[in-house]
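The next block holds one structure in the form of C-alpha cells; read it before the comments.
The values are calculated or read from the model by the stated rules, or taken from the named source; none is laboratory data. Bear in mind the structure is a predicted one, so any value in this text is a computation, not a measurement. With ideal geometry, Cβ positions are generated from the backbone for all residues, glycine too; neighbour counts draw on all protein chains shown. Heads up: the accessible areas ignore ligands, DNA and RNA and are worked out on the full protein's heavy atoms, side chains in. Shrake-Rupley method; radii C 1.70, N 1.55, O 1.52, S 1.80 Å.
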Amino acid sequence: MVRVRQHVDALDVLKLINRFLKGGVQVAGQCQATTQGVPQGGPLSPVLANVVLDELDWVLERRGHRFARYADDCNLFVKSKRAGERIMHSVTRYLRDSLRLTVNAQKSAVDAPRNRKFLGFTVSRGDARLKVANSAIDKLKAEVRALTRRTRGHRLSDIVQELKTALTGWKAYFGIAEVLSPLRELDKWVRRRLRCYAWKQWGSGGYRELRKRGVSVREAWNTSKSAHGPWRLSQTPALTLALPTKLFRQMGLPELATTRAA
C-alpha cells in the first residue's frame, strides 16, 4: 500500500484497494480473514504487480537488459548461459532485498528461449521464429474435444458455430505466430473431430449419408460395414469426400494456419 500511495492520491481508490486486500475469502463455505495475497482471478493482482514491479523495469532498462514482462511473468534475454546465471542471481537478490519479493524457483530457470514459454508462446529452434507453445495447443484441443463430444446430440452446424466462437478468439490472440506447421496440423485435427462427430450422429444411416454426398457405392459400403470405430473412420477417403474442407469453410469454420492480413 505504501507503493500504491506513491502513484495514487485518491482516498476512495486507496480505500477500495484496501478492502479488496482485507475482504476475506470463503473456504468450504466459511469466511476466513486474509492476511496476505490478493483475490485469485481478480483485476487487482496484475495492477499491483505493475505498481510494484515498475521499479524492476527501470532497473533492467538502466542496466541495458532486453526483457519482456507481463504482470509477474518476466523473461530476460542474454547471450550466454553464464550471463543468464549471473543476472538471475542479481535480479533475485534485488527483488528480495529492495522489493521484498520472492522469485518462484520452480517456475524460473536459465535456459534457451526455445525451451521456455511466455504468455502461450515460445520460439522455434534455429531461426527463433515465434511459435505457439505446445501447452497452449493442448489446452485448445481439450476445449475442442469438449465441444465435439460424440454424445452431445447437436446438429453439426451448431457444433461448427460453437467452434467458430472458440477458434476465432484463439486465433485473434495467437495469430501473430510465425511457425504455421503446428497450426496446419491443428486445423486437420479439428476437421477430423467434426467428421468423427458427424459419423457418430449418422449412426445406422451412414451408408445413405455417404451416398447422398457423392461417395461411391463401394466406398460407402466398405466404410459403413467397417469394424473400426468413428475416430479411425474419420480419416478415411469416404468421410473426407463426404465432408471436405470446403464444406467446413462454407459453414464458417475458421482456419488457424491462415496468416493475418497486413
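A few comments on the model shown:
- Only a single criterion out of (1) free of Cβ contacts under 8 Å to residues at least 24 places away in the same chain; (2) under 27 Å from Arg125 (Cα atoms); (3) open to solvent by 40 Å² or more (accessible area, probe 1.4 Å); (4) among the aliphatic types (A, V, I, L, M) is not satisfied by Ala83, namely (3).
- Subset tally (residues that are of a type outside the set (Lys, Arg) and surrounded by 15 or more Cβ atoms within 10 Å (Cβ to Cβ)) for region 114-128: 6
- Residue in region 135-152 that is surrounded by the fewest Cβ atoms within 10 Å (Cβ to Cβ), counting only those that are touching a residue at least 24 places away in the same chain (Cβ under 8 Å) and assigned to a helix (DSSP H, G or I): Arg145
- Lys131 being of a type in the set (Lys, Arg) and either in a loop (DSSP other than H, G, I, E, B) or exposed (fewer than 15 other Cβ atoms within 10 Å of the Cβ) (or both): no
- Scope region 86-99; condition open to solvent by 50 Å² or more (accessible area, probe 1.4 Å), closer than 30 Å to Phe20 by Cα, assigned to a helix (DSSP H, G or I) and of a type outside the set (Lys, Arg); matching residues: Asp97
- Scope region 11-43; condition touching a residue at least 12 places away in the same chain (Cβ under 8 Å), under 17 Å from Met1 (Cα atoms) and among the hydrophobic types (A, V, I, L, M, F, W, C); matching residues: Leu14, Ile17, Phe20, Leu21, Val38
- The lone exception for Val59 - which of (1) in contact with a helix residue (DSSP H, G or I) (Cβ under 9 Å, 6 or more places away or on another chain); (2) under 28 Å from Gly24 (Cα atoms); (3) surrounded by 12 or more Cβ atoms within 10 Å (Cβ to Cβ) it fails: (2)
- Filter result for Thr240 (open to solvent by 50 Å² or more (accessible area, probe 1.4 Å) and not in a helix (DSSP H, G or I)): no
- In summary, strands (runs of 3 or more DSSP E) completely within region 1-82 and bearing 1 or more residues that are under 17 Å from Ser98 (Cβ atoms) and touching a strand residue (DSSP E or B) at 6+ places or on another chain (Cβ under 8 Å) occur at 66-70, 73-77.
- If the condition is being farther than 15 Å from Arg195 by Cα and either among the charged types (D, E, K, R) or open to solvent by 100 Å² or more (accessible area, probe 1.4 Å) (or both), then region 223-237 contributes Lys225, Ala227.
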